[in-house]
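Below is one structure, written out as structure tokens; the observations come after it.
The values are calculated or read from the model by the stated rules, or taken from the named source; none is laboratory data. Computed from a predicted model, the values in this text were never measured in an experiment. Cβ placement follows ideal geometry from the backbone for every residue including glycine, while neighbour counts extend to all protein chains displayed. These accessible areas exclude ligands, DNA and RNA; they are computed on the full protein's heavy atoms, side chains included. Shrake-Rupley method; radii C 1.70, N 1.55, O 1.52, S 1.80 Å.
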Amino acid sequence: MSSSEPARSDPPGAKAIAPSRVSDVVVVGAGAIGLTAAIALARKGFSVVLIGSADARANGRTLALFDGSVSFLRSVGVWPHLAPLAAPLATIRIIDDTGSLFRPPPVAFHAREIGLEAFGFNIENDALVSALAEATRQIPGLALIECQATAFDFTGPSATVTVDDGSVVSAQLIVAADGRRSPARAAAGISVRERVNEQTALTTILAHDQPHRDVSTELHTREGPFTLVPLAAGREAPHRSSLVWMMAAPQAGRRRALNDQALSREIERQAHSMLGAMRVEGPVGLFPIASATAARLSAPRLVLIGDAAHVFPPIGAQGLNLGLRDVAHLLDCLAAARSRARDLGGPELRSAYESSRRADILLRGASVEALNRSLLSDLLPMDVLRGAGLLALSVVGPLRRAVMREGVASARFAP
Ligand SMILES: Cc1cc2nc3c(=O)[nH]c(=O)nc-3n(C[C@H](O)[C@H](O)[C@H](O)COP(=O)(O)OP(=O)(O)OC[C@H]3O[C@@H](n4cnc5c(N)ncnc54)[C@H](O)[C@@H]3O)c2cc1C
């Protein structure tokens, strides 16, 4: 903030920001990615302002966090609060339920094959966001403005963000973690390649009769993937799982309108009763599915992370895990820029960040899209290709292990 800016009154929950000061970084957006970035950057000694209000309302949605993401959250100090609420994913099973002529046998990946007890952990989204939000209040060097950013200016020697309480904050670098519609990205004129695929994900939390034994099961159906992911025991339900069920939007609307008993019956039928009788236990959420990739990951004094940079269908639990890798790489790039006394929002930083992230994002996006499209197609060549891929994964040991290691790829963080 410059001394010529109008005085502002702090909104509830905001910490005072020193006047006349240009912070190192302003993070915009208090979703899981923005919160984690703000915590990690402040813990690395950068001065950070976080603009946004954390939304920790339950929506029946959970997040499968792979081993690398869990290590990262542990290293930024939040994992001990989350561990008691998280369920390990020891086995991931994929079952072709498309009715295709070329139907491969089920494939099961076991974490112990690559020397891990679990590929990762599954946790409710609201638990993750509220633990991260709580952590942001404890960290020196992190100022929190629980408001919306309304305007951005990237043209000066530092960037400025105007907030809806009337304040203006300045920083060498703006980190946009403001989600798939990213106002910061739009203000910088970065275009997005977007594909709306007319599917919707129905999410909920289920109680069931049989234990899940830490096994996550993905049924590939012609409607889209139907995925049951283990959850930790609840107060009244010892056996619980979360559901992500992708389907055409009208079907999702119809199922959302069912009462809990009727929806439970449809879910159990699709699950072939593999976990016994099922009961919808949590709220039911609907998430329209889209894919979007930003044409660039940066602009002068701006970088994009998380869903502001890339959005994928929720297949194979890629979105948040990829976003956490954005954060880890951004940290490395910023630490390198600081050690060489470079401008934190300058071309060197931007180019290092772009080149460290581009390939990972393109590769994940392409594989998720290809798998989703192959499921929706009823063309035999597609079925053969998908079936052959799954068959190869089930019988070729080195390929299986390579895929598993790649799947849990580490988000690095040196505290
Ligand atoms: C059904 C479903 C299941 C999923 N399951 C998984 C999974 O198992 N594993 C996985 O890795 N990923 C999963 N994902 C993807 C994952 O949820 C997202 O990638 C991740 O939550 C994105 O986090 P984010 O913080 O980048 O964005 P968001 O959560 O969208 O947060 C953006 C934040 O920015 C705020 N914001 C926007 N504009 C402004 C502004 N002007 N000023 C201030 N704040 C602003 C918003 O209010 C919001 O709080 C799933 C997604 C879906 C839909």
note = Inter-part gap, Cα centre of segment 305-344 to Cα centre of segment 51-89, in whole angstrom, is 17
message = 7 Å from Cα along Cα→Cβ at both Ala248 and Ala277: what's the point-to-point distance in nm?
response = 3.3
query = When all protein chains stay in place, what accessible area (Å², nearest 10, 1.4 Å probe) is found for Arg301?
reply = 30
message = Please report the accessible area of Phe66 (heavy atoms, 1.4 Å probe, ligands and nucleic acids excluded) in Å², nearest 10.
response = 20
request  = Let me see the pair-distance distribution of segment 133-228: every alpha carbon pair, 10 Å bin width, integer percents in order.
outcome  = 11, 27, 21, 22, 16, 3, 0
ask   = How much length, in nm to one decimal, is gained on full extension between Glu117 and Arg269, taken as 0.36 nm per residue of separation minus their Cα-Cα distance?
value = 51.6 nm
query = Label-point separation (nm) for Leu363 and Arg235, each offset 7 Å from Cα along Cα-to-Cβ?
reply = 4.5
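If each residue of separation counts as 0.36 nm, what is the full-extension length gain between Glu134 and Ala186 once their alpha-carbon separation is subtracted? Provide the component values of the computation, followed by the final result.
Details: separation 52, 0.36 × 52 = 18.72 nm, distance 2.95 nm.
In short, 15.8 nm is gained.
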ask   = Taking +1 at the Cβ of each Lys and Arg and -1 at the Cβ of each Asp and Glu, which of Leu85, Leu73, Ile95 sits farthest along the dipole of segment 45-117 towards its positive end, judged by Cα position relative to the Cα centre?
value = Leu85
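Could you do me a favour and compute the accessible area per residue for segment 232-333, 1.4 Å probe, result in Å²?
Working: 3800 Å² over 102 residues.
It amounts to 37 Å² per residue over segment 232-333.
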message = What percent of all Cα-Cα pairs in segment 276-359 falls into each 5 Å bin, going from 0 up to the bin containing the maximum distance?
response = 3, 13, 21, 19, 13, 10, 7, 5, 4, 3, 2, 1, 0
message = Take Ala83 and Arg256, extend 7 Å from each Cα along the Cα→Cβ direction, and tell me the distance between the two endpoints in nm.
response = 3.8
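At 1.4 Å probe size, put Arg181, Arg357, Arg254, Arg235 in order of accessible surface, largest to smallest. Walk me through the intermediate numbers first.
Details: Arg181 155, Arg357 5, Arg254 100, Arg235 245 Å².
Heavy-atom accessible area, descending, gives Arg235, Arg181, Arg254, Arg357.
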